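Read-outs: derived from the displayed coordinates by stated rules, not from any lab. Owing to the predicted nature of the structure, the values given are computational and were not obtained by experimental measurement.
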Amino acid sequence: MGAIAQKITLSVVIRLLLWTIALIGGAILSLLYDLRHFTSLLFNPWFHLLTASLGIVLLQMVFRVAAIGGRTLAKYGRQGDIPRLETNRLVTQGIYGCMRHPMLFGLALFPLAIALLLGSPTFILFVAPLEAIVIITLTLTLEEREAKAKFGQAYEEYRAKVPAFDMTCLKKFLRKPRRSYKTPPLA
């Protein structure tokens, strides 16, 4: 097992489990409600084409934000042998230089992306926004408290300078890099 069975803290396991239960439970309850109250939309192919298209775009954005944040945390946030998905160094580089919680912001948008892919009106309008509010609230309370306990005054100074979420920052990091095409030299 060695490399595959890396340590993960109980706190991370509980959060992932609760998030998964909320996501799957929200989807199931929403679809059951939709079967009784929104049948015409639930089985409308044009509605599904629209929502699925939006869901794919949003899901791509969520995964890109997670990848950017994850690479930055892996590069600057881990020193020594620590549990997976944990950091022991305050990261203020890259996307974390202009936004304190980019990965959690992406995580908050994940339920909406899934709701759009499923084409569930109840999930799109009610459950996904509620789940996003819960994720953002937990981030701004629990995550902030844990970061302050872990990094102390350095985190307080970082927090005073960098907002929790910043759409301008996201746009900057989500922009596709422009390729410069150079003409190959003549032989």
Ranked by GNM mean-square fluctuation in the chain (Cα springs under 10 Å), the top entry among L73, L112, L142 is L142
Checked against the structure, the computed Rg/Rh (Cα atoms, Kirkwood Rh) among (1) 0.95; (2) 1.06; (3) 0.98 is the one labelled (2)
Filtering the chain for DSSP H helices with an axial alpha carbon extent of at least 27 Å and a Kyte-Doolittle mean of at least 0.0 returns 10-37, 45-76
One finds the C-alpha centres of the range 91-167 and the range 25-78 to be spaced, in Å, by 16
Lys pairs in the range 10-173 with Cα under 23 Å (8 or more apart in sequence, or on separate chains) total 9
